[in-house]
Amino acid sequence: MRQVDINGLTIGGNAPVRVESMLKIPLSNEEACLSQSLELAKEGCELLRVAFPDIRFQGELARLIKAATIPIMADIHFDPLLAMAAMEIGCPSIRINPGNIPLRSLRDIVALASERNVVIRIGANSGSVNERQLRDASGDRASALALAVGEQMESLVSLGFHNIILSAKSSAVRETVSCVALLSRLYPDYPMHIGITEAGAGMGGIVKSSVGIALLLAQGIGNTIRVSLSEPPEMEVRAGYHILRSLDLRKRGINLISCPTCGRKRLDVRLILPILEPYFSLLPDGTELAVMGCEVNGPREAAHADIGIAGSQGGVVVFSKGKRIGGCAFEDIPTYIPVLFRAFSEGCATKCD
Ligand code: SF4
């Protein structure tokens, strides 16, 4: 598979699956845009899509590209002038919507993109499909969406341009999965951005996105992801890493194992987790942390955990790889846990007892 490079961020080939998000603030609010981009970078966002709907905001976009710590992808939708304007000010990647750009304009875009090593994402959604494509696909929406992407793809490739990421999204999970799987068979050499568009909010949105994204990743399809939520963008990034960790594709953050609790519980896991959570960032990426309701089954059920915390009579016991290494009374948890986590990250947690 080809690998593209957006200002040093590699996508495709042997690069890890990347996590993206999108600014949810208009470019006119320059200060807030920069601050959101920095927050997202802190969360682990690796590529930031920014709506560039109007040439009047070219200056704001230019300053954001310069000040942001992660690469920007300008979303120009269907306006070739905005594509040219974004590239002229040094934008390293643009997203275009297929089917809306005349061939003459596409030639200009490709010429400038080739000269400046700009990556073009073909980003299609259900709205990109026209009546003719739907007819050609015998009414099958997934195939029609793949056709819409394919036609744009052929236009770019016929102009000798290959610095491309493909993307096709719908708000329907099955439709998206079947369309993207088809595209990956047709164009196996090109990196793919995946996600479920307009997935919703909260748990419903996260579940819908996770199902769609995971079904594709499990087949080895997908090089960058976005969990599209009606929520703050930081949540999109966190959800993205949760999905990738669940599939052992990225290690950022900790892998939390917690028991559902049952009648044996000595510790209410639901209540203890919010107390522990502020200290998770003290642990190295990839740490497996188990929080279990009792010391009877907890350590056995999570014997492989790097750190296990299990409820016991009057407090908690702490274990590592199934072996007891410490513990404290309930009331000491807020002071004991940060010390334990720091000691673990410095490699001396076994001395915590
Ligand atoms: S760890 Fe203990 S409390 Fe939690 S589910 Fe297992 S037996 Fe029940």
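Here are a few things to note about the model shown:
- From the list I272, I243, I254, the lone residue that is surrounded by 16 or more Cβ atoms within 10 Å (Cβ to Cβ) and modelled with pLDDT of 95 or more is I243.
- If you go through the stretch 215-233 and keep only what is crowded, with 17+ Cβ neighbours inside 10 Å and either under 11 Å from G44 (Cβ atoms) or not hydrophobic (A, V, I, L, M, F, W, C) (or both), you end up with G222, N223, T224, R226, S228, E231, P233.
- The stretch 259-279 - residue that is of a type in the set (D, E, K, R) and more than 8 Å from the ligand (Cβ to nearest atom) and, of those, farthest from V19 (Cα to Cα): D268
- Of all residue pairs spaced 6 or more apart or on separate chains, those with beta-carbon atoms under 7 Å, a first member in the stretch 327-343 that is closer than 18 Å to F280 by Cβ and a second member that is of a type in the set (A, V, I, L, M) and part of a helix (DSSP H, G or I) are I333/I275; P334/I275; I337/L276; P338/L282; L340/A349; F341/L282; R342/L282; A343/A349.
- Single residue of L283, L247 found to be touching a residue at least 60 places away in the same chain (Cβ under 8 Å), under 30 Å from L38 (Cβ atoms) and touching a helix residue (DSSP H, G or I) at 6+ places or on another chain (Cβ under 7 Å): L283
- A search for C-beta distances below 9 Å between a residue of the stretch 268-280 that is of a type outside the set (F, W, Y) and any residue that is away from the ligand (no atom under 16 Å from the Cβ), counting only pairs 6+ apart in sequence or on different chains, returns I272/I333; I275/I333; I275/P334; I275/I337; L276/I333; L276/I337; L276/F341; P278/P338.
- Test: residue in the stretch 145-157 that is of a type in the set (V, I, T) and either at pLDDT below 90 or on the phi > 0 side of the Ramachandran plot (or both): no
- All conditions in (1) surrounded by fewer than 23 Cβ atoms within 10 Å (Cβ to Cβ); (2) assigned to a helix (DSSP H, G or I) hold for F161, with the sole exception of (2).
- Scanning the stretch 224-242 for residues that are in contact (Cβ under 8 Å) with a residue 40 or more places away in the chain and in a helix (DSSP H, G or I) turns up P233, E234, E236, V237, R238, G240, Y241.
- Identity of the residue in the stretch 18-53, over 18 Å from the mean Cα position of the chain (by Cα) and free of Cβ contacts under 8 Å to residues at least 24 places away in the same chain, that ends up nearest to K251 (Cα to Cα): S35
- Annotation note: of L256, L249, L229, the sole residue that is of a type outside the set (K, R) and within 16 Å of the ligand (Cβ to nearest atom) is L256.
- Residue within the stretch 291-307 that is more than 12 Å from the ligand (Cβ to nearest atom) and of a type in the set (V, I, T) present: yes
- Out of G314, G322, G327, sole residue that is away from the ligand (no atom under 12 Å from the Cβ), more than 16 Å from I254 (Cβ to Cβ) and at pLDDT 90 or above: G327
The rows are residues; the columns are (1) more than 24 Å from D5 (Cα to Cα); (2) of a type in the set (G, A, S); (3) in a strand (DSSP E or B); (4) within 13 Å of the chain's Cα centre (by Cα).
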| site | (1), (2), (3), (4) |
| --- | --- |
| L166 | no, no, yes, no |
| E175 | yes, no, no, no |
| L182 | yes, no, no, no |
| E198 | yes, no, no, no |
| M203 | yes, no, no, no |
| S209 | yes, yes, no, yes |
| L216 | no, no, no, no |
| Q219 | no, no, no, no |
| G222 | no, yes, no, yes |
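The values are calculated or read from the model by the stated rules, or taken from the named source; none is laboratory data. These numbers were taken from a predicted model, which means no experiment stands behind them. So basically every Cβ, Gly included, is an ideal-geometry build from the backbone, and we count neighbours across all protein chains shown.
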